[in-house]
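*Asks:* Next up is a structure, given as structure tokens.
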Amino acid sequence: MSHTTPPKSALIIIDVQSSFAQMPFWTLDDMPMFQSALLRLDAGCRARGTPVVHIFHAGTAGAFAPESGFVKALPWLTNVPDARFDKHTHNAFTDTGLDLWLRRRGIGKLIISGIRTEQCCETTTRVGADIGYAVDFVTEATLTFPMTHAASGVTFSAQDIKTRTELVLADRFARIVDVDACLAGIEGMA
């Protein structure tokens, strides 16, 4: 019986930055669950020797512009990452150096977490899968906010958006997992 070694993993924490707290849609409603899940995932990855990468969105104006002082981790995300990359697009790969950093370390699997489940987390997942990475999408370690559809006026809850994201990513671009399943999948790997 042949055993295949699972690919080496990296935890990608996307846009967990103070910029969002300046936005009119910012709400703390889901923050306790998100914070707890992300910190458990971060600690579990570090305990297994899995590199942790922080991605920040650096825009050209407002709270996402570097000169605003808000393009930094939210105050509760205090662990120092193995690497930091600033992005200017919705995905964490375009013109950031992330792909090269991962490949030089033999990393073949991404663990996706962060802010805006359906935006930067989903887009990074799709691009990562398309360029050859296996992806674990840890929905409970992502955060998003209610959105209203412009044409219909229907408001989708954060949970509605997370459910839709899981639907379109599952078995196409990612394995949808919770923190425990994700960590079990990297048990003993370094």
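The values are calculated or read from the model by the stated rules, or taken from the named source; none is laboratory data. On a predicted model such as this, the values are computed, not experimentally measured, just so you know. Here Cβ is always computed from backbone atoms with ideal geometry, including for glycine, and neighbour counts include all displayed protein chains. Accessible surface areas use protein heavy atoms only, side chains included; no ligands, DNA or RNA. Shrake-Rupley method; radii C 1.70, N 1.55, O 1.52, S 1.80 Å.
*Asks:* Any idea which of T96, T89, T60 is among the polar types (S, T, N, Q) and over 27 Å from V179 (Cα atoms)?
*Replies:* T60
*Asks:* OK, next. With the structure loaded, tell me whether D30 is on the phi > 0 side of the Ramachandran plot, buried (at least 16 other Cβ atoms within 10 Å of the Cβ) and touching a residue at least 40 places away in the same chain (Cβ under 8 Å) or whether it fails that test.
*Replies:* no
*Asks:* Does L143 qualify as being in contact with a Phe, Trp or Tyr (Cβ under 7 Å, 6 or more places away or on another chain) and within 17 Å of L169 (Cβ to Cβ)?
*Replies:* The answer is yes for L143.
*Asks:* Another question about this same structure. Pick from segment 43-62 the residues that are free of Cβ contacts under 8 Å to residues at least 60 places away in the same chain and of a type outside the set (A, V, I, L, M): which of them is farthest from L98 (Cα to Cα)?
*Replies:* It comes out as G62.
The rows are residues; the columns are (1) within 16 Å of the chain's Cα centre (by Cα); (2) within 21 Å of E140 (Cβ to Cβ).
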position: A10; (1), (2): yes, yes
position: W26; (1), (2): no, yes
position: H54; (1), (2): yes, yes
position: G59; (1), (2): no, no
position: A65; (1), (2): no, no
position: T96; (1), (2): yes, no
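*Asks:* How many residues does segment 161-183 hold that are hydrophobic (A, V, I, L, M, F, W, C), within 14 Å of E122 (Cβ to Cβ) and outside any helix (DSSP H, G or I)?
*Replies:* Residues in segment 161-183 being hydrophobic (A, V, I, L, M, F, W, C), within 14 Å of E122 (Cβ to Cβ) and outside any helix (DSSP H, G or I): 4 in total.
*Asks:* When the residues of segment 145-160 are filtered to those that are in contact (Cβ under 8 Å) with a residue 40 or more places away in the chain and part of a loop (DSSP other than H, G, I, E, B), which remaining residue is least open to solvent (accessible area, probe 1.4 Å)?
*Replies:* Result: F145.
*Asks:* Please indicate, with yes or no, whether at least one residue in segment 76-86 is more than 27 Å from M147 (Cβ to Cβ), among the acidic types (D, E) and in a loop (DSSP other than H, G, I, E, B).
*Replies:* So far as segment 76-86 goes, yes, one or more of its residues are more than 27 Å from M147 (Cβ to Cβ), among the acidic types (D, E) and in a loop (DSSP other than H, G, I, E, B).
*Asks:* Pull up segment 115-132, narrow it to residues that are open to solvent by less than 10 Å² (accessible area, probe 1.4 Å) and hydroxyl-bearing (S, T, Y), then point me to the one that is nearest to M23 (Cα to Cα).
*Replies:* Here the answer is T117.
*Asks:* Any chance segment 85-93 includes a residue that's farther than 17 Å from C121 by Cα, modelled with pLDDT of 95 or more and not charged (D, E, K, R)?
*Replies:* No, every residue in segment 85-93 fails to be farther than 17 Å from C121 by Cα, modelled with pLDDT of 95 or more and not charged (D, E, K, R).
*Asks:* Mind listing whichever residues of segment 33-53 are open to solvent by 10 Å² or more (accessible area, probe 1.4 Å), within 28 Å of F156 (Cβ to Cβ) and not small (G, A, S)?
*Replies:* Listed by number, the residues that qualify are M33, Q35, L39, R40.
*Asks:* Next up: Take A63 and decide whether it is small (G, A, S), outside any strand (DSSP E or B), surrounded by 20 or more Cβ atoms within 10 Å (Cβ to Cβ) and at pLDDT 95 or above.
*Replies:* no
*Asks:* Something else: Within segment 96-114, restricting attention to residues that are closer than 24 Å to F20 by Cβ and assigned to a loop (DSSP other than H, G, I, E, B), which residue is least open to solvent (accessible area, probe 1.4 Å)?
*Replies:* T96
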